[in-house]
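Q: Take this structure first; my questions come after.
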Amino acid sequence: MFTILLIAGLGVVLAVAVGLALRLRQEAADRDGEDLEGRFGPEYDRTLVRRGGDVRTTRRELRTRLKRYAQLRVAPLHRAAREHYLARWSALEEDFSAEPGRALDAAEALLTELAAERGYPAEAPFEDLAAALSVHHARRVHGYRRVHEAARTAHAEHRAPQDARAALLAAGALFDSLLNARASVSAPPPRRAAGAVRPRVS
């Protein structure tokens with residue numbers, strides 16, 4: 001009788017332990033999911049849709065991005081270079097009304113170039129660069145995708161898409177974010193002062 005009671009007691013303890021372990025594991029997974037949603041914001045939702053609503057696959061993809069790009073060192077941007085980028089962005093905005101397709105191409109190219117100067121893997125395929133940007137600019141990276149898609153549509157249909165201006169505005173938000181991102185390392189002393197502010201598309 002004692003042996004039976006002992007076995008039964010051990011079975012109960014084991015069942016409770018397994019249940020507790022599963023509960024703790026689920027709570028940890030829930031916290032992880034909440035952390036990812038909080039960090040990636042709309043990028044989490046976009047990835048979830050692209051993955052057909054598969055939460056586990058979505059979280060695995062975003063964790064992989066973090067592991068790969070979270071430690072990326074953001075390079076400093078000299079003030080002279082900052083002025084140069086501001087002038088080029090202002091020029092493409094002014095060009096938009098007359099040549100929207102060309103302006104979209106210029107915006108995508110400028111974002112890619114600026115990302116490279118800030119330390120992102122610009123030689124990588126588009127989606128890889130977008131993934132890297134999403135880790136540090138999760139709430140702005142959609143601007144890169146929107147201007148990329150708008151430029152492709154403009155080439156395919158030989159006209160600017162209806163959302164071309166909205167795409168350029170979204171790209172401008174990422175441009176500002178990249179331009180003003182704090183560097184991971186100190187920059188050398190600036191060569192000259194700069195006080196330009198990028199004009200906005202009206």
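The values are calculated or read from the model by the stated rules, or taken from the named source; none is laboratory data. Because the structure is predicted, anything quoted here is derived from the model rather than measured. Reconstructed Cβ throughout: ideal geometry from the backbone, glycine too, with neighbour counts over all protein chains shown. All accessible areas refer to the heavy atoms of the entire protein, side chains included, with ligands and DNA or RNA removed. Shrake-Rupley method; radii C 1.70, N 1.55, O 1.52, S 1.80 Å.
Q: Using only the alpha carbons of the range 55-177, determine the length spanned along each of the three principal axes and report them from longest to shortest in whole angstroms.
A: 44, 38, 22
Q: Something else about it: Which order, highest average first, do 100-108, 64-72 follow once you tally other Cβ atoms within 10 Å for each residue and take the mean per peptide?
A: Answer by packing, highest mean first, reads 100-108, 64-72.
Q: Using a 7 Å offset from the Cα along the Cα-to-Cβ direction at both V55 and S97, what is the distance between the two label points in nm, to one decimal?
A: 5.0 nm
Q: With a bin width of 10 angstrom, please list the P(r) values of the range 89-142 as percents of all Cα-Cα pairs, from the 0 bin to the one holding the largest distance.
A: 25, 45, 28, 2
Q: Order the following by accessible area, largest value first: V49, V141. Probe radius 1.4 Å; ligands, DNA and RNA are ignored.
A: Descending accessible area places them as V49, V141.
Q: Residue by residue through the range 100-113, what is 3J(HN,Hα) from phi via Karplus (6.51 cos²θ - 1.76 cosθ + 1.60, θ = phi - 60°)? Round to whole Hz and write x for glycine and proline.
A: x, x, 5, 5, 5, 4, 5, 5, 5, 5, 5, 4, 5, 5
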